[in-house]
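I have placed the structure first, in the form of structure tokens, so that the comments after it can refer back to it.
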Amino acid sequence: MAGSIPGTAGSEGAAGSGGLVLVLNSGSSSVKFALLTPDTGERVLGGLAEQVGTPRAVLRIRRYPGDTVCEPLPDGSYPAVISRILDRLADAAAHAHADAHADAGAQGVGPARLIGVGHRVVHGGDRFSASTLVDDEVVAAIREFARLAPLHNPANLAGIEAVSAVRPELPQVAVFDTAFHHTMPSCAFRYAVPEEWYTRYGVRRYGFHGTSYRFVSEKAAALLGRPPGELRLVTAHLGNGCSAAAIRDGVSVDTTMGMTTLEGLVMGTRSGDVDPGLFGYLASQTGQTSAELTQVLNTQSGLLGLSGVGNDMRSVEAAAARGDDRARLALEVFVHRLAKAIAGLVINLERLDALVFTGGIGENSPVVRGLVLRRLGFLGLTEDPEANAEHGRSTGGRISRPGPTQALVVPTDEELMIARDTARLIAARPAAPPPAPAPAPARR
């Protein structure tokens with residue numbers, strides 16, 4: 001079996017890689033990528049390929065520092081897109097390596113090495129509790145768990161297979177969103193459903209956003225000046241997808257997402273928790289199938305469905321401020337469900353040391369954070385309006401009044417976590433055996 005890194009392994013002080021890591025987040029019609037140095041987190045290149053799989057595919061690339069450039073990709077297949085990304089990386093890596101050695105007067109230095117590729121993989125089922133080197137067995141497992149994440153795993157796998165087709169010698173690592181939550185106790189991950197559903201079909205809660213939670217919980221511990229192993233945190237990852245997790249002594253003990261990414265909080269286009277009885281009711285009323293209803297809950301619900309103005313919290317907040325009743329309701333429902341979930345997660349911790357906000361909304365919306373903190377005063381949390389307004393930038397992340405329980409803003413960096421996992425796993429691989437000596441020529 002391929003090597004692995006425990007889901008709770010520290011991200012700091014990654015083993016020196018001597019090169020760069022490409023991080024890929026392959027979606028159903030897009031590929032987000034970053035080329036970075038695992039030790040420092042320095043970005044060399046980043047970008048996004050859109051409309052993958054169509055003749056309209058386009059590649060947007062940003063070099064750090066520098067502007068974003070766009071180029072069309074007439075062959076929009078995954079192998080062609082990945083091949084083009086790798087071509088652009090080679091030039092960027094050479095420039096980065098030359099720049100890094102220019103001041104030291106390095107002579108005759110070749111291009112920086114691309115040592116491997118790290119992939120975000122959404123669902124690892126009940127099998128993967130760690131990041132792992134990709135081999136045929138891992139590929140088969142990711143394909144098997146596509147039944148649990150049909151919108152995500154096939155696209156993640158397409159990225160892996162495209163790299164294998166273009167650069168088969170490059171080692172690849174799969175970093176699973178679900179891995180961090182394998183420490184949840186059975187009382188947190190089991191549903192109250194027939195046992196056969198669990199044993200035969202894998203119906204249980206898995207949780208997601210684990211890579212983000214790993215990174216942010218470690219950063220929060222550093223900001224608080226305390227070891228992760230003695231902290232009790234609730235972390236809220238709030239973006240277009242939203243979840244919250246209870247992290248006790250460095251490990252996940254509960255989270256709001258479940259078997260799929262649809263469970264839990266209100267999200268951009270996803271409903272979060274609903275009464276499962278609505279499937280039978282709406283099927284009888286509308287004639288829609290369960291698949292069609294699930295599609296509506298995934299793509300036409302959440303902030304979008306409630307507000308009518310879109311799935312972006314910035315648009316919802318602006319409309320609510322103008323007096324739009326639907327937008328105001330969407331904001332209130334979002335905050336109500338989030339605050340209720342946070343309070344519920346605290347029971348798994350026995351005490352709360354810090355509430356941590358991260359993700360696009362969590363890092364950038366003082367409105368949402370302030371409304372949530374006002375509902376959680378009974379936990380010892382009181383908003384510091386000035387610190388919250390500037391996202392905690394001048395207070396070491398803190399957005400609450402000083403006290404034993406803190407609220408923090410901690411920007412996440414899933415790409416860096418994936419890069420560090422990738423570098424460590426590649427460095428830990430057993431050395432390849434030396435080639436066998438050539439046979440001696442036969443005597444005549």
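Listing for the model above:
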| item | result |
| --- | --- |
| Restricting region 405-422 to residues that are of a type in the set (S, T, N, Q) and outside any loop (DSSP other than H, G, I, E, B), the residue that is most open to solvent (accessible area, probe 1.4 Å) | Q406 |
| All helices (runs of 4 or more DSSP H) inside region 175-291 with 2 or more residues being open to solvent by less than 10 Å² (accessible area, probe 1.4 Å) and touching a helix residue (DSSP H, G or I) at 6+ places or on another chain (Cβ under 8 Å) | 210-224 |
| Number of the exception - L148 against (1) hydrophobic (A, V, I, L, M, F, W, C); (2) modelled with pLDDT of 95 or more; (3) open to solvent by 10 Å² or more (accessible area, probe 1.4 Å) | (2) |
| Every pair of residues 6+ apart whose Cβ atoms lie under 9 Å, when the first sits in region 306-320 and is at pLDDT 95 or above while the second is outside any helix (DSSP H, G or I) and acidic (D, E) | S307/D324; G308/D324; V309/D324; V316/D324; A318/D324 |
| Residue selected from region 90-124 under the condition surrounded by fewer than 20 Cβ atoms within 10 Å (Cβ to Cβ) and modelled with pLDDT of 80 or more, by the criterion farthest from A162 (Cα to Cα) | R113 |
| P72 being in contact with a strand residue (DSSP E or B) (Cβ under 9 Å, 6 or more places away or on another chain) and not charged (D, E, K, R) | yes |
| Every residue from region 53-69 that is in contact with a strand residue (DSSP E or B) (Cβ under 7 Å, 6 or more places away or on another chain) and outside any strand (DSSP E or B) | A57, Y64 |
| Criterion violated by L425 - all others in (1) modelled with pLDDT of 95 or more; (2) part of a loop (DSSP other than H, G, I, E, B) satisfied | (2) |
| Conditions (1) surrounded by 24 or more Cβ atoms within 10 Å (Cβ to Cβ); (2) more than 30 Å from L355 (Cβ to Cβ); (3) not basic (K, R): number failed by P171 | (1) |
| Failed condition for V163, given (1) farther than 27 Å from N25 by Cα; (2) surrounded by 24 or more Cβ atoms within 10 Å (Cβ to Cβ); (3) hydrophobic (A, V, I, L, M, F, W, C) | (1) |
| Where a residue in region 22-48 is closer than 17 Å to P154 by Cβ and without any contact (Cβ under 8 Å) to a residue 60 or more places away in the chain and its partner, wherever it lies, is basic (K, R) and open to solvent by 10 Å² or more (accessible area, probe 1.4 Å), with Cβ under 9 Å and at least six apart | K32/R120 |
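The values are calculated or read from the model by the stated rules, or taken from the named source; none is laboratory data. The shown structure was predicted, so the numbers you read here are calculated from the model rather than taken from an experiment. Glycine gets a Cβ as well: all are built from the backbone with ideal geometry, and neighbour counts include every protein chain shown. Areas reflect the complete protein model, heavy atoms only, side chains present, ligands, DNA and RNA absent. Shrake-Rupley method; radii C 1.70, N 1.55, O 1.52, S 1.80 Å.
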